[in-house]
Amino acid sequence: MRGYERGRRDRDHSEDLSGGGTAEAFTADVSDPQQVNAFVDRCVDLYGKIDILVNNAGVNIPGVFHEVPDSIIDKILNVNVKGTMYGCRAAIPHMLKVGVGRSSISQA
């Protein structure tokens with residue numbers, strides 16, 4: 001599963017894999033816990049389980065550090081920190097149900 005820039009349609013990025021199986025693309029704002037929950041639920045509906053979670057969303061707004069407005073700091077924290085926490089909170093219960101709770105990779 002891969003993320004793509006906002007505005008592109010999920011179904012345009014689903015593809016068949018040569019060795020069998022499929023890959024699906026989903027779009028979700030990780031700073032919105034409802035979208036993260038919906039994304040995880042969609043994955044479970046399609047695949048029946050979650051084996052691994054990779055939190056890989058992150059933003060960095062260039063600028064002079066001491067001049068960064070609070071709104072930008074909030075955006076960075078909402079995506080980089082809260083987004084990771086929302087992903088873990090949504091996916092880990094599904095992973096524990098099937099006995100995989102040690103496969104979470106977080107990077108921002």
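The values are calculated or read from the model by the stated rules, or taken from the named source; none is laboratory data. All figures in this text were calculated on a predicted structure; none of them were measured in a lab. Every residue, glycine as well, gets a Cβ built from its backbone with ideal geometry; the counts of neighbours run over all protein chains shown.
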Seminar exercise, completed: Within region 2-57, the count of residues that are at pLDDT 75 or above, under 15 Å from the mean Cα position of the chain (by Cα) and part of a loop (DSSP other than H, G, I, E, B) comes to 13
For this session: Residues being basic (K, R) and within 12 Å of the chain's Cα centre (by Cα): count how many of those fall in region 71-92.
Result: 2
Exercise. Restricting attention to region 16-61, and to residues there that are surrounded by 15 or more Cβ atoms within 10 Å (Cβ to Cβ) and hydroxyl-bearing (S, T, Y), which single residue is farthest from V81 (Cα to Cα)?
Worked result: T27
For this session: Check whether at least one residue in region 58-74 is modelled with pLDDT under 95, assigned to a helix (DSSP H, G or I) and among the β-branched types (V, I, T), and report yes or no.
Result: yes
